[in-house]
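Below: one structure, written as structure tokens.
Derivation of every value follows stated rules applied to the coordinates shown; laboratory data play no part. What you see is a predicted model, and the numbers here were worked out from it, not measured in a lab. Reconstructed Cβ throughout: ideal geometry from the backbone, glycine too, with neighbour counts over all protein chains shown.
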């Protein structure tokens with residue numbers, strides 16, 4: 001399995017819930033050793049894709065495979081190589097920190113007890129403390145410890161930062177980064193906090209209303225996607241089209257998002273008879289991953 005070029009493949013994936021189409025012709029791959037962010041606003045379809053990948057849902061059209069197996073029929077020995085973190089992951093909260101480790105240990109051949117206790121020891125709570133008595137952040141650390149101790153080849157993290165304060169989110173990502181670097185684990189994750197993924201993911205698959213609107217390596221996206229500013233009065237005539245992908249307004253300025261380079265964008269405006277005095281007022285903005293995400297999906 002580790003020699004497979006693509007760990008996850010989704011081809012022409014579509015899914016309907018009752019009469020509502022949730023996913024529209026989704027195509028993407030996750031290569032072995034890659035760290036891919038599946039990003040989008042609430043309702044974009046991220047969790048639906050995760051549920052299809054894990055076999056909890058079956059697509060209405062298209063196909064999805066994990067380690068070469070159809071997602072709805074992953075063999076048990078392959079599923080043991082998949083670590084899943086999602087909201088409400090820890091089901092046995094009547095157990096203690098120590099008891100739940102012993103329980104999970106029996107199901108995984110590569111179980112690494114030291115990984116689990118390396119992380120949970122940072123909680124500064126007794127091993128006898130019941131999971132139900134832990135805070136949300138502490139439970140997340142137990143969850144991550146249980147998943148990493150499996151030594152999975154693939155990690156799927158669905159909104160792992162939900163309900164965590166900044167300290168626990170940072171600890172979560174730092175520990176996860178060390179783990180991925182050490183074991184070359186493949187990762188697919190979703191998160192609402194895009195800024196924290198800036199130095200973590202290799203590739204971003206960005207969803208909007210059930211469709212993929214961008215699929216690129218993070219560095220390539222940031223190098224080829226642009227944001228420009230114009231005074232509000234100077235830009236009132238501009239509208240979204242095949243070049244201008246998004247326009248955002250504030251009280252005094254207009255923010256324009258496009259894949260057109262500065263020279264290409266000025267040429268585009270010139271061909272539309274934009275006054276040279278307006279073109280001279282164009283300012284290019286620096287962008288990080290969160291800026292690019294907003295530029296592609298919109299603020300609202």
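Brief remarks follow.
- Neighbour-count order for 211, 218, fewest beta carbons within 10 angstrom listed first: 211, 218
- Cα-based helix-to-principal-axis angle, 136-149 vs the chain, degrees rounded to 10: 70 degrees
- Sequence of 139, 252 once ranked by neighbouring C-beta atoms within 10 Å, starting from the fewest: 252, 139
- Computed from Cα atoms, the angle from the helix 166-183 axis to the main principal axis of the chain rounds to 80 degrees.
- Scaling against 2.2 N^0.38 Å puts the C-alpha radius of gyration of the chain at 1.16.
- Label-point separation in nm, residue 73 to residue 113, each point 7 Å along Cα→Cβ: 3.9 nm
- Gained length - residue 192 relative to residue 170, 0.36 nm times residue gap less alpha-carbon distance: 6.5 nm
- Structure remark: mean-square fluctuation, Gaussian network model of the chain, C-alpha springs under 10 Å; the largest value among 132, 20, 195 belongs to 20.
- Distance between the modelled labels on residue 281 and residue 178, one decimal in nanometres: 5.3 nm (7 Å Cα→Cβ projection).
- Degrees separating the helix 262-271 axis from the principal Cα axis of the chain, which is the longest one: 40 degrees
- Of interest is the spacing of the C-alpha centroids, which for the stretch 242-269 and the stretch 144-204 amounts to 34 Å.
- Within the stretch 6-219, percent of DSSP bridges classed antiparallel, to nearest 5: 60 percent
- Within a Gaussian network of the chain (alpha carbon springs, distance under 10 Å), most fluctuating of 263, 27, 42: 263
- For the stretch 8-103, the equivalent ellipsoid derived from the alpha-carbon gyration tensor has semi-axes of 27, 17, 13 Å in decreasing order.
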